[in-house]
1. Run down 377, 334 and say which single residue is outside any helix (DSSP H, G or I), under 20 Å from residue 41 (Cβ atoms), assigned by TED's automatic domain parsing to the domain that holds residue 40 and near the ligand (Cβ under 9 Å from one of its atoms).
2. Can residue 28 be described as more than 30 Å from residue 110 (Cβ to Cβ), in contact with a helix residue (DSSP H, G or I) (Cβ under 9 Å, 6 or more places away or on another chain) and outside any strand (DSSP E or B)?
3. Out of 301, 279, report the one residue that is without any contact (Cβ under 8 Å) to a residue 60 or more places away in the chain, assigned to a loop (DSSP other than H, G, I, E, B), more than 16 Å from the ligand (Cβ to nearest atom) and within 21 Å of residue 265 (Cβ to Cβ).
4. If you check 296, 318, 290, which single one turns out to be surrounded by fewer than 18 Cβ atoms within 10 Å (Cβ to Cβ), in the same structural domain as residue 12 (by TED's automatic domain parsing) and either touching a residue at least 12 places away in the same chain (Cβ under 8 Å) or assigned to a strand (DSSP E or B) (or both)?
5. Find the residue count for region 215-248, including only residues that are under 27 Å from residue 301 (Cα atoms), part of a loop (DSSP other than H, G, I, E, B) and touching a strand residue (DSSP E or B) at 6+ places or on another chain (Cβ under 8 Å).
6. How many residues, within region 352-374, are under 25 Å from residue 28 (Cα atoms) and outside any loop (DSSP other than H, G, I, E, B)?
7. Given (1) outside any helix (DSSP H, G or I); (2) in contact (Cβ under 8 Å) with a residue 40 or more places away in the chain; (3) surrounded by fewer than 24 Cβ atoms within 10 Å (Cβ to Cβ), where does residue 349 come up short, assuming only one miss?
8. State yes or no: is residue 340 in the same structural domain as residue 16 (by TED's automatic domain parsing), under 23 Å from residue 28 (Cα atoms), in contact (Cβ under 8 Å) with a residue 24 or more places away in the chain and part of a helix (DSSP H, G or I)?
Ligand SMILES: Cc1cc2nc3c(=O)[nH]c(=O)nc-3n(C[C@H](O)[C@H](O)[C@H](O)COP(=O)(O)O)c2cc1C
């Protein structure tokens, strides 16, 4: 049941609802939480959800998608500590806070790519000079470790070494054509990801939750994608091997995701209204999440898995989450767009005041705001983002 407690190491998670990472593009230029960022996370604190999984937080300046992406540094770590303290004061029971660490790679302000990818570069060509060197990649585990250490000192219960949605660590997983230590073989393509996990583990206190959000398949056909064959069908042979390595390294929570929101957003976030008519019905995307998660739970029963993609179920989202939790598809249920639209959905469910009229409509406006280089939030129910969306459309 969604209200059940879960214990991992010494950490108690008070219920199975996870607020998924949702980037707001609203931080200060030094990467510290801005006013809108703080407002959003205070709503998260009051939501009653067991876990708040903070949005993508860059480990270095050149790895940011935009100048308002979150970034933790020695200079600004105090503002993260202050925000977490306010959140803990606002929450009516202890929540678990996880910070997602990222390098945006191809999506950085100046694209930093692992290799030339003919699918992505059809619409966004990138020069040879943007391919990162092995020396640059060698420097990243220390940056992940430093950011993780600051995060834990600031009060986060865990960190996420993010490898999904086409960002650098995930792009490397399909760097079949890259020469050198980070391309070609499975060992080389997974090297940086696993090295970053090792470096983070060594840098933080025992008891810290070591988590990862993995794009199990980006659903981009081989040789331009991971976990996908030449025909564009799911192929879980390499993801299985990789998850085996994650388990060996003691990963505590695997947050499962699929798809690349820059290439096939309908896969990652099935929608009712979006930029194009998807080549598959949303139900096929929802079923894919279930298939992938069930497969992982069968192969690695002891691994704690967060399931994704619940917002599309709208007023049935919690019912569906309970069904999947009971069926052993996942151990925690992740809600993304839903919490932007209806931050107190879980608390209202618990107090039997759930209001189906406040549910996310999956209209893609939050994504549109982000792509329009604006602060992102729910443009349906929140007046600030609604006005911003209207202005953008003018
Ligand atoms: C506006 C927006 C921002 C997002 N930011 C992040 C992010 O920072 N990190 C991440 O891993 N996923 C991010 N996602 C993906 C969500 O966490 C989630 O996986 C996706 O929306 C599907 O779940 P849902 O159907 O519950 O919304 C974002 C999605 C949207 C729409």
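The values are calculated or read from the model by the stated rules, or taken from the named source; none is laboratory data. Model, not experiment: these values are computed from the prediction. Every residue, glycine as well, gets a Cβ built from its backbone with ideal geometry; the counts of neighbours run over all protein chains shown.
1. Numbers: 377 fails: assigned by TED's automatic domain parsing to the domain that holds residue 40.
Going through 377, 334 in turn, the sole match is 334.
2. On the way: more than 30 Å from residue 110 (Cβ to Cβ): no; in contact with a helix residue (DSSP H, G or I) (Cβ under 9 Å, 6 or more places away or on another chain): yes; outside any strand (DSSP E or B): yes.
Considered against the rule, which asks whether it is more than 30 Å from residue 110 (Cβ to Cβ), in contact with a helix residue (DSSP H, G or I) (Cβ under 9 Å, 6 or more places away or on another chain) and outside any strand (DSSP E or B), residue 28 comes out as no.
3. On the way: 301 fails: within 21 Å of residue 265 (Cβ to Cβ).
Among 301, 279, only 279 is without any contact (Cβ under 8 Å) to a residue 60 or more places away in the chain, assigned to a loop (DSSP other than H, G, I, E, B), more than 16 Å from the ligand (Cβ to nearest atom) and within 21 Å of residue 265 (Cβ to Cβ).
4. Numbers: 296 fails: surrounded by fewer than 18 Cβ atoms within 10 Å (Cβ to Cβ); 318 fails: surrounded by fewer than 18 Cβ atoms within 10 Å (Cβ to Cβ).
The unique qualifying residue is 290.
5. Here is the first cut: in region 215-248, the residues under 27 Å from residue 301 (Cα atoms) are 215-219, 225-229, 233-248.
Subset that is part of a loop (DSSP other than H, G, I, E, B): 218-219, 225-227, 229, 233, 235-236.
Next, only the ones that are touching a strand residue (DSSP E or B) at 6+ places or on another chain (Cβ under 8 Å) stay: 218-219, 225-227, 235-236.
Final tally of qualifying residues: 7.
6. The total comes to 7.
7. (1)
8. On the way: in the same structural domain as residue 16 (by TED's automatic domain parsing): yes; under 23 Å from residue 28 (Cα atoms): yes; in contact (Cβ under 8 Å) with a residue 24 or more places away in the chain: yes; part of a helix (DSSP H, G or I): yes.
The answer is yes for residue 340.
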